[in-house]
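These notes are about the structure you will find just below.
The values are calculated or read from the model by the stated rules, or taken from the named source; none is laboratory data. All values derive from a computational prediction rather than experimental measurement. Methodologically, a virtual Cβ is constructed for each residue, glycine included, from the backbone with ideal geometry; neighbour enumeration extends over all protein chains shown. To get the accessible areas, we keep the full protein, side chains included, count just its heavy atoms, and leave off ligands, DNA and RNA. Shrake-Rupley method; radii C 1.70, N 1.55, O 1.52, S 1.80 Å.
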Amino acid sequence: MTKFKEIKANTYEDMSNEAATIIFDALKESKQFSLGLATGSTPEGMYDALAKKINEANLDLSELTTFNLDEYVGLDESNDQSYHYFMEQHFFSKLDIPQENIHILDGVAEDLQKEVEDYEALIDEVGIDIQVLGIGRNGHIAFNEPGTDFNSLTHKVQLTDETIEDNSRFFESIDDVPTEAVSMGLQTIMKAKTIILLISGDNKKNARDLFISGEVTEDIPVSILHNHDNVILITDSAARGE
């Protein structure tokens, strides 16, 4: 049935280091590389570990290209809750990646439809070698909520009440959380050659169970990954309920 392999780490730090090592080894092999990146608390440790490895090895990142999964509509890059800001703080500021090689959807673009179409075209042109994903409690990946069409490309999305509530911990109040985002679609994510899915913490045990169950349905967006040939699931013991 499913082709994914699971790396069972013990702690969050172990999980982060496993993911960082896979990406670092791939970067060492190929100077010209394209990396799909995720935001949120789950990949923070991976970014720390990866930046450290890259800097210690003095890797040349002049031909590294990055694509982020998503961004809130209405937040510009100076807003400390934007994903532009998050990525700069947790990853890009620690590394020497050419600014023109860093791609994040513009949540304040005048023409959002053109923005998502151009982004998709650029991904098609460059490709993504490894895409990093986290997962929402309801099985969403990026901002693709339950019910999202498996054929979806980069698009504007309406956030569910559950996702707004989950993300409200990062804002002063739930009223400050944007209600829309721009996001890679599920089909866009599937274009990546390799996908690393990180699941951490006991609050994500149900999300892991949804994926592990093997049921492929648009009600569980992450389940589309069962149709991909190269998925690496990395979990910590809390996410496995151990």
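Among the residues of segment 154-183, those identified as open to solvent by 30 Å² or more (accessible area, probe 1.4 Å) and touching a strand residue (DSSP E or B) at 6+ places or on another chain (Cβ under 9 Å) are H155, K156, Q158, T179, E180.
Looking only at segment 21-75, count every residue that is more than 19 Å from H140 (Cα to Cα), part of a helix (DSSP H, G or I) and open to solvent by 10 Å² or more (accessible area, probe 1.4 Å) and tell me the total. First the steps, then the outcome.
First, pick out the residues of segment 21-75 that are more than 19 Å from H140 (Cα to Cα): 21-35, 45-66, 74-75.
Imposing the further condition that a residue be part of a helix (DSSP H, G or I) reduces the set to 21-29, 45-57.
Filter once more, keeping what is open to solvent by 10 Å² or more (accessible area, probe 1.4 Å): 21-22, 24-29, 45, 48-49, 52-53, 55-57.
Residues in segment 21-75 being more than 19 Å from H140 (Cα to Cα), part of a helix (DSSP H, G or I) and open to solvent by 10 Å² or more (accessible area, probe 1.4 Å): 16 in total.
Answer with yes or no whether D175 is acidic (D, E) and either touching a Phe, Trp or Tyr at 6+ places or on another chain (Cβ under 9 Å) or modelled with pLDDT of 95 or more (or both). No; evaluated as a whole, the condition is false for this residue.
Mind checking which residues of segment 159-175 are among the aromatic types (F, W, Y) and part of a loop (DSSP other than H, G, I, E, B)? First the steps, then the outcome.
Filtering segment 159-175 down to residues among the aromatic types (F, W, Y) leaves 170-171.
Listed by number, the list holds a single entry, F171.
Would you please name the residue that is modelled with the lowest pLDDT, looking only at residues in segment 81-94 that are part of a loop (DSSP other than H, G, I, E, B) and open to solvent by less than 30 Å² (accessible area, probe 1.4 Å)? Don't jump to the end; show me each part of the working.
To start, the set of residues in segment 81-94 that are part of a loop (DSSP other than H, G, I, E, B) comprises 81-82, 91.
From what is left, the residues that are open to solvent by less than 30 Å² (accessible area, probe 1.4 Å) are 82, 91.
Values: S82: 94, F91: 98.
Step by step, filter segment 81-94, then rank; the result is S82.
In segment 201-242, the qualifying residues are those that are among the acidic types (D, E) and closer than 18 Å to E145 by Cα, and the one that is modelled with the lowest pLDDT is E215. Among the residues of segment 101-135, the ones that are open to solvent by less than 10 Å² (accessible area, probe 1.4 Å) and not aliphatic (A, V, I, L, M) come to 2 in all.
Could you list all residues from segment 196-242 that are among the charged types (D, E, K, R), open to solvent by 20 Å² or more (accessible area, probe 1.4 Å) and out of contact with any Pro (no Cβ under 6 Å at 6 or more places or on another chain)? If you could, list the steps in order and put the result at the bottom.
First, the residues of segment 196-242 that are among the charged types (D, E, K, R): 202, 204-205, 208-209, 215, 218-219, 229, 236, 240, 242.
Filter once more, so that each one left must be open to solvent by 20 Å² or more (accessible area, probe 1.4 Å): 202, 204-205, 208-209, 215, 218-219, 229, 240, 242.
Those that are among the charged types (D, E, K, R), open to solvent by 20 Å² or more (accessible area, probe 1.4 Å) and out of contact with any Pro (no Cβ under 6 Å at 6 or more places or on another chain): D202, K204, K205, R208, D209, E215, E218, D229, R240, E242.
Within segment 53-67, identify whether any single residue is in contact (Cβ under 8 Å) with a residue 60 or more places away in the chain and more than 21 Å from K193 (Cα to Cα), and answer yes or no. Looking through segment 53-67, none of the residues is in contact (Cβ under 8 Å) with a residue 60 or more places away in the chain and more than 21 Å from K193 (Cα to Cα).
Could you pull out the residue among N151, N138 that is among the polar types (S, T, N, Q), surrounded by 15 or more Cβ atoms within 10 Å (Cβ to Cβ) and assigned to a loop (DSSP other than H, G, I, E, B)?
Working: N151 fails: surrounded by 15 or more Cβ atoms within 10 Å (Cβ to Cβ).
Testing whether each residue is among the polar types (S, T, N, Q), surrounded by 15 or more Cβ atoms within 10 Å (Cβ to Cβ) and assigned to a loop (DSSP other than H, G, I, E, B) leaves just N138.
On the basis of being modelled with pLDDT of 95 or more and surrounded by 21 or more Cβ atoms within 10 Å (Cβ to Cβ), does I97 make the cut? For I97, the condition - modelled with pLDDT of 95 or more and surrounded by 21 or more Cβ atoms within 10 Å (Cβ to Cβ) - is not met. The residues of segment 180-207 that are over 16 Å from the mean Cα position of the chain (by Cα) and touching a residue at least 60 places away in the same chain (Cβ under 8 Å), listed by number, are E180, G201, N203, N206. Per the listing S78, S16, the residue uniquely among the hydroxyl-bearing types (S, T, Y) and assigned to a helix (DSSP H, G or I) is S16.
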